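Undergrad: Provided herewith is a single structure, encoded as structure tokens, for subsequent inquiry.
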Amino acid sequence: MSYSIFGQVVGVRKFVNGDLELDFYHDDEITEYRSSNDAGKLSNFPMNLAETLATTLATNVCVEIYFGEDGNPTHIELEECDDDLDDEEIDDDLDDE
């Protein structure tokens, strides 16, 4: 069954080898996604989508990530965030970690 999650990128780590790690805030939790062009490394996000997500850090852009029946991301949608997803809520959750 396909599904989607809605949230914001709250952290990005880019490594010299080109790998990316993204922290994605949704449903009051943070999920880490990884992306690599190296086929030998475990990667759970396509690089082209990960690079687009990274550009939304520190912006008022929210993201909906769509996953296929196999659990892999299929596409993303970007939109301006509503005031419902308040930056203070995200900051409070990050402070709790």
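Undergrad: Modelled label-to-label distance, Leu57 and Glu77, 7 Å Cα→beta-carbon offset: nm?
TA: My value for the distance between the label points is 2.6 nm.
Undergrad: From the phi of every residue in the range 41-53, what ³J(HN,Hα) in whole Hz does the Karplus formula 6.51 cos²θ - 1.76 cosθ + 1.60 yield, where θ is phi - 60° and glycine or proline is x?
TA: Along the range 41-53, the couplings run 9, 5, 9, 10, 8, x, 4, 5, 6, 4, 5, 5, 4 Hz.
Undergrad: Here is a further query. Can you tell me how the range 21-67 classifies by the Cα gyration tensor, rounded, prolate or oblate, using a/c under 1.5 as the rounded cut?
TA: Prolate, since a/c reaches 1.5 and a/b exceeds b/c.
Undergrad: Further question on the same structure: For the range 1-87, what does the alpha-carbon gyration tensor say about shape, rounded, prolate or oblate, given a ≥ b ≥ c as the root eigenvalues, a/c under 1.5 as rounded, and a/b over b/c as prolate?
TA: Note, shape of the range 1-87 comes out oblate.
Values in this text are rule-based calculations from the coordinates and carry no lab data. Keep in mind that what you see is a predicted model, and the values were worked out from it rather than measured. In this analysis, Cβ positions are derived from the backbone assuming ideal geometry, glycine residues included, and neighbour counts consider all displayed protein chains.
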